[in-house]
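So the structure is just underneath, and the comments pick up after that.
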Amino acid sequence: MIELQPFTEADFPQLIAWIDNERLLKEWSGGLFSFPLTAEKLHWYIEGTNDPQHSDAFVYKAVDTSTGQTIGHISLGSLSETNKAARLTRVLVGDAARGRGYCQAMIKAALAIGFDELKLHRISLGVYDFNQSAIGCYKRAGFQQEGILRDVVRYEDGYWSLVEMGILEPEWRQRQVAAQQ
């Protein structure tokens with residue numbers, strides 16, 4: 001089982017170790033960070049997060065409760081109280097944990113927080129079109145593809161396109177009921 005816990009300064013070394021090259025940092029963060037990822041940059045990233053009364057972003061580490069090991073990172077940001085919406089961002093499963101279904105568990109845990117605790121109506125995300133394993137994970141979690149933003153990121157001599165995806169609270173609830181039957 002996966003539990004999402006607040007990402008803190010104590011978690012910085014693990015995340016920095018996972019993101020050990022410029023391309024992976026760009027895939028994970030878009031243009032938010034420059035390589036190399038450092039503790040100083042991460043301090044800024046978590047400043048003002050994870051306060052249910054005042055934050056517009058929640059940053060988590062994903063912990064495998066059977067082992068106590070941190071296996072990933074995920075954030076739920078751009079919270080809009082007016083629109084009851086947020087965006088999943090910076091999803092990463094650590095090297096040793098990839099290919100074991102953790103991504104799906106992390107997404108489900110984040111959706112439960114968004115829809116059950118934060119009472120959101122919509123959660124969206126963006127994923128680069130070449131990341132087919134992530135796209136498959138998001139679709140299995142109930143996200144629907146809503147469009148493609150072409151050539152939004154320049155990397156080396158090429159461009160990356162972004163697949164926009166979203167899920168609505170009634171769709172998520174319907175999936176929860178179906179899973180229990």
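The values are calculated or read from the model by the stated rules, or taken from the named source; none is laboratory data. Here the structure is a predicted model, which means the values were calculated and not measured. Backbone-built Cβ (ideal geometry, glycine too); neighbour counts: all protein chains shown. Each accessible area value is taken on the protein alone, full model and side chains, heavy atoms only, with ligands, DNA and RNA left out. Shrake-Rupley method; radii C 1.70, N 1.55, O 1.52, S 1.80 Å.
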Starting from region 72-181, pick out the trypsin sites (Lys or Arg not before Pro) whose DSSP state is loop and whose Cβ has at most 16 other Cβ atoms within 10 Å.
Lys84, Arg98, Arg100, Lys119
Relative contact order of the chain, defined on C-alpha pairs under 8 angstrom at six or more residues apart (%):
17 percent
How charged is the neighbourhood of Phe33? Take every other residue with its Cβ under 15 Å from the Cβ of Phe33, and add Lys/Arg as +1 and Asp/Glu as -1.
-1
Could you tell me the largest-minus-smallest coordinate of the C-alpha atoms of region 1-99 on each of the three principal axes, in descending order and whole angstroms?
39, 34, 24
Using 0.36 nm times the number of residues separating Arg98 and His121, minus their current alpha carbon distance, what extension gain do you get?
5.3 nm
Non-local amide H neighbours of Asn50 (under 5 Å, H modeled in plane, Pro and chain starts lacking H): which ones?
Ala57, Phe58, Val59
For each pair in Lys61/Lys84; Lys41/Lys139; Lys26/Lys84, compute the distance between the two Cα atoms and list the pairs where it is over 26 Å.
Lys41/Lys139; Lys26/Lys84
Please list Glu156, Glu164 in order of solvent-accessible area, largest first, computed with a 1.4 Å probe with all protein chains present.
Glu156, Glu164
Where labels lie 7 Å past Cα in the beta-carbon direction, separation of Val153 and Gln5 in nm:
2.8 nm
Estimated distance in nm for a label pair at Asn83 and Ala179, the labels positioned 7 Å out from Cα along Cα-to-Cβ:
2.5 nm
Please check which bits of region 37-74 a label hung off Ala17 would reach, taking the label as a point 7 Å along Cα-to-C-beta and the cut-off as backbone N under 13 Å.
69-72
Mean ellipticity per residue at 222 nm, deg cm²/dmol - from DSSP H runs of n ≥ 4 across the chain, formula -39500 (n - 2.57)
-8500 deg cm²/dmol
Quick one: Karplus J couplings for region 49-64, per residue in order, coefficients 6.51, -1.76, 1.60, θ = phi - 60°, nearest Hz, x for Gly and Pro?
9, 6, 10, x, 7, 10, 8, 10, 8, 10, 10, 10, 9, 9, 10, 7
Report ³J(HN,Hα) in whole Hz for each residue of region 71-87, in order, from the Karplus equation J = 6.51 cos²θ - 1.76 cosθ + 1.60 where θ = phi - 60°; Gly and Pro get x.
10, x, 9, 7, 9, 10, x, 6, 5, 10, 5, 4, 8, 6, 9, 8, 10
Under a Cβ-only charge scheme (Lys and Arg +1, Asp and Glu -1), can you give me the dipole magnitude of the chain about the Cα centre, in debye to the nearest 20?
580 debye
On a full-extension model of 0.36 nm per residue, what is the gain between Glu171 and Ser66, subtracting their alpha-carbon distance, rounded to one decimal in nm?
34.8 nm
Hull-based mean projected area of the chain, where the convex hull spans the alpha carbons, in square nanometres:
10.6 nm²
